[in-house]
Amino acid sequence: MKWNVKEILSAVALVVASIIAVWAMLLPPQGEIDQSILITIAQFLVFAATLLGVDSSVDRIKHILKR
């Protein structure tokens with residue numbers, strides 16, 4: 001299976017979002033960065049990963065239908 005840039009970016013964004021979400025839940029409050037901000041960033045990264053993954057799937061289906 002050949003990986004393209006969109007699939008790699010979506011996988012990286014999903015992994016980073018998961019790490020940030022877990023990290024935000026485990027850390028005690030230390031001052032300026034609130035947990036809600038870290039969770040929001042994680043949600044945006046999951047959203048980006050989803051869009052890139054869906055776009056990649058649509059591109060793959062189009063490529064298969066063109067054959």
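The values are calculated or read from the model by the stated rules, or taken from the named source; none is laboratory data. On a predicted model such as this, the values are computed, not experimentally measured, just so you know. Accessible surface areas use protein heavy atoms only, side chains included; no ligands, DNA or RNA. Shrake-Rupley method; radii C 1.70, N 1.55, O 1.52, S 1.80 Å.
Tabulated data for the structure shown
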quantity: Check on Val46, of a type outside the set (S, T, N, Q), in a helix (DSSP H, G or I), modelled with pLDDT of 80 or more and open to solvent by less than 80 Å² (accessible area, probe 1.4 Å); calculated: no
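The rows are residues; the columns are (1) β-branched (Val, Ile, Thr); (2) under 16 Å from the mean Cα position of the chain (by Cα); (3) open to solvent by 100 Å² or more (accessible area, probe 1.4 Å); (4) at pLDDT below 80.
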| position | (1), (2), (3), (4) |
| --- | --- |
| Val5 | yes, yes, yes, yes |
| Ser18 | no, yes, no, no |
| Leu27 | no, no, no, yes |
| Ser36 | no, no, no, yes |
| Asp59 | no, no, no, yes |
